[in-house]
1. If B:ALA78 satisfies every condition in (1) crowded, with 24+ Cβ neighbours inside 10 Å; (2) at pLDDT 90 or above but one, which is the exception?
2. Sort through A:THR240, A:THR183 and tell me the only one that's of a type in the set (Val, Ile, Thr), modelled with pLDDT under 85 and within 23 Å of A:LEU96 (Cβ to Cβ).
3. Quick check on this structure: which one of B:GLY221, B:GLY213 is more than 14 Å from the chain's Cα centre (by Cα) and under 20 Å from B:LEU77 (Cα atoms)?
4. Mind telling me which of the residues B:ILE47, B:ILE4 ends up being within 14 Å of chain A (Cβ to nearest Cβ) and more than 20 Å from the chain's Cα centre (by Cα)?
5. Among what's in region A:82-112 and is more than 12 Å from the chain's Cα centre (by Cα), assigned to a loop (DSSP other than H, G, I, E, B) and closer than 18 Å to B:ARG250 by Cα, pick the residue that is farthest from the other protein chains (Cβ to nearest Cβ).
6. Can you work out which of the residues in region A:197-233 that are assigned to a helix (DSSP H, G or I) and among the acidic types (Asp, Glu) is farthest from A:ILE186 (Cα to Cα)?
7. List the helices (runs of 4 or more DSSP H) that sit entirely inside region B:142-251 and contain at least 3 residues that are hydroxyl-bearing (Ser, Thr, Tyr).
8. Applying the selection to region A:66-81, what residues are of a type in the set (Gly, Ala, Ser) and within 10 Å of chain B (Cβ to nearest Cβ)?
Amino acid sequence: MFVIIARAWHDWVGVDITSWKFSLMMQQQQVTLVATQLSRFYHKYCAVNNLNLCLERGQVLGLLGANGAGKSTTLQMLSGNLAPTTGSIQINGIDLLDQPRLAKHQLGYLPEQPALYKDLTINEQLIYAARLQELTKQEANEAVAYARQRCHLDEMQDRLIGNLSKGFRQRVGIAQAILHSPTLIILDEPTVGLDPIQVNDLRKLIRELGESHSVILSTHILSEVKAVCDRVHILDCGETVFSGDISGETVQSLEKQFFDLVGPEAQLADQDVAV
Amino acid sequence: MSTIAFIARMELKRWFNSPLAWSLLALVQFILAWVFLLGLNEYLTQIQPLMVGRENAPGLTDLVISALYLWAGLLMLAIMPIVTMRVFAEEYNNQTLTFLSTSPASITQIVLGKYLGLLLLIMIMLFMISLMPFSLAFGTSLDWGKLFAAMLGLYLLLASFAAAGMFISSITKQPIIAAVATFGFLIFLAVLYISGQAKGSSSSLFAYLSHFGHFVAFLEGLFNSTDLVYYLLFIITFVLMTIRSLDNKRLQG
């Protein structure tokens with residue numbers, strides 16, 4: 001009913017009160033990400049189907065799923081690297097598809113394989129990233145110093161990225177994602193390739209970032225979700241099978257739920273193979 | 001604008017952080033210096049005595065410098081594919097394009113930044129090559145107009161090679177395939193010129209479509225706005241196609 005009146009109002013007066021009300025709502029709750037009815041098809045194969053996500057400031061969302069469940073595709077869409085077949089994405093109320101430049105200022109993304117140039121040093125790479133965010137020289141230097149210090153890269157700053165180990169590259173990738181202090185930070189399997197001490201460090205860092213920013217991370221490690229996430233979103237073959245907060249109770253049953261939700265189909269598939 | 005300039009600057013920096021740019025510059029310089037010395041030697045010992053006392057005799061600029069730039073254009077048929085192959089294909093291969101496409105820079109800015117980087121690299125190459133004819137100015141008087149026309153011609157030729165190579169690099173994920181395809185395309189354009197000049201079956205359309213027809217006019221010292229427009233159209237077409245091709249990657253995945 002409200003929608004009909006709002007449309008009529010829009011037609012008569014020319015003021016879109018739905019979007020006005022929406023943006024007011026966003027400011028109150030500090031919603032940083034709204035993705036509605038997101039689908040992605042590769043030709044006829046459906047990688048992500050009808051995904052709805054909503055994230056508030058100060059939340060860490062874990063995207064959980066088996067291999068090929070559509071986690072990376074989802075994150076690629078949210079980071080603006082892949083256009084969704086249908087659906088819309090809003091970051092801080094800015095539509096990612098309509099105003100990509102503005103929306104991408106609010107976004108930090110660590111892809112599955114950190115996007116770093118092997119022929120640059122850590123410092124050069126980070127300054128490049130900062131300058132692409134349209135920071136001035138001074139601001140860029142400060143942002144880089146801050147990100148470097150947060151990811152413990154100070155002693156390594158003049159090393160060539162081509163000579164770094166996987167773990168260090170991962171850290172440079174994270175530094176690159178956080179240096180312009182974006183509202184939304186998207187991390188695709190951030191702890192892969194790190195040693196246990198670094199994993200702990202990184203989890204602590206994600207929790208810290210989660211206090212002032214919104215973080216989405218994808219993983220297939222259940223304990224990681226338990227350790228750092230406020231909310232969890234489980235995907236299976238592109239479909240959302242579970243979405244909710246992690247309270248004390250859920251933490252206990254998360255593992256059971258995951259296998260209940262994702263498991264049976266996998267078992268069926270096994271039987272098919274056996275037959 | 002500053003984003004485009006900054007991308008171009010970092011492209012150039014990455015070029016000279018890797019050994020590829022240095023070795024290509026060294027190779028081009030070495031081969032063309034040899035060609036230049038041969039031409040100069042021939043001119044001094046064989047041709048100059050014949051020309052004494054003639055009316056309107058072709059000078060040093062016509063015989064040595066034009067030949068040098070023609071050779072440079074031919075050599076670049078093989079060099080430019082290696083230069084342009086890494087522009088996008090290597091980024092796809094190493095999955096580093098995400099770095100640029102996640103940043104607020106638009107696809108147009110990324111493509112223009114990378115193309116500007118290539119143009120700067122070409123300018124350095126052209127400068128290095130042109131040092132050789134410039135050195136002759138110490139000993140003789142040069143036809144500066146002709147020399148600058150040849151330089152402009154070579155620059156436009158290389159810029160058009162770069163635009164075509166950049167487009168081909170944006171449609172494949174393998175740098176080597178990009179290099180081979182670009183080489184094939186540039187040779188095809190050269191063959192168009194040859195078939196346009198062939199005796200008996202020559203067609204002015206083929207000669208018009210090819211790069212070299214327009215380049216040769218510059219070498220003769222002719223600055224014709226049609227030639228300039230040909231190169232500009234060629235460059236704009238391929239830059240626009242590169243932008244479309246990248247945009248398509250985002251849509252198709």
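1. (1)
2. Selected residue: A:THR240, the only one of A:THR240, A:THR183 that is of a type in the set (Val, Ile, Thr), modelled with pLDDT under 85 and within 23 Å of A:LEU96 (Cβ to Cβ).
3. None of the others qualify; the one that does is B:GLY213.
4. B:ILE4
5. The residue in question is A:ASP98.
6. Restricting to residues being assigned to a helix (DSSP H, G or I) and among the acidic types (Asp, Glu), the top hit is A:ASP201.
7. Fully inside region B:142-251 and qualifying: B:144-170, B:175-197.
8. A:SER79, A:GLY80
The values are calculated or read from the model by the stated rules, or taken from the named source; none is laboratory data. As the structure is a prediction and not an experimental result, all values here were calculated from the model. Heads up, the Cβs are rebuilt from the backbone with ideal geometry, glycines too, and the neighbour counts pull from every protein chain shown.
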